[in-house]
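Single-structure report; data block below.
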Amino acid sequence: MLMIKNSNSGREVKVLAKHISMSVFKARRVIDQIRGRSYEETLMILELMPYRASYPILKLVYSAAANANHNMGLNEADSFISKAEVNGGPFVKKLRPRARGRSYPIKRPTCHITIVLKDKSQI
């Protein structure tokens, strides 16, 4: 995970997780539910969602809040998810052995997840 502080846009923390081993569409289904919500509401939604994609996103939101608290002194209760996006990453390519000495390609998709936490009190 990578944390980026934007100084020109005020009090926000940007966290980027790269090469997460899941499809972009499965991760977007979860990200669309939490965009624009408060930090506590996001945690409740992600902990109760039945999708496998919600666990890495939950870890990323936890990490973003911890970075905001430790590095910038922001309170988690006053923050909300201002921007959340999922972009496609490279495919992990493998070969599966098949009959008669042939091989079959397996392409596992990966994605990059970006979450931006902002402080409500600054708005």
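The values are calculated or read from the model by the stated rules, or taken from the named source; none is laboratory data. A quick note: this is a predicted structure, and the numbers were derived from the prediction, not measured. Ideal geometry is used to build each Cβ from the backbone, glycine not excepted, and the neighbour counts take in all protein chains shown. What goes into the accessible areas is simple: the full protein's heavy atoms, side chains included, and nothing from ligands, DNA or RNA. Shrake-Rupley method; radii C 1.70, N 1.55, O 1.52, S 1.80 Å.
When Ile106, Ile113 are screened for being within 12 Å of the chain's Cα centre (by Cα), of a type in the set (A, V, I, L, M, F, W, C) and either modelled with pLDDT of 95 or more or surrounded by fewer than 10 Cβ atoms within 10 Å (Cβ to Cβ) (or both), only Ile113 passes. Filter the stretch 31-40 down to the residues that are open to solvent by less than 70 Å² (accessible area, probe 1.4 Å) and not small (Gly, Ala, Ser), then identify the one that is farthest from Glu76 (Cα to Cα). Result: Ile31.
Total residues in the stretch 78-100 satisfying the condition of being more than 29 Å from Val15 (Cβ to Cβ) and either modelled with pLDDT under 95 or among the basic types (Lys, Arg) (or both): the figure is 4.
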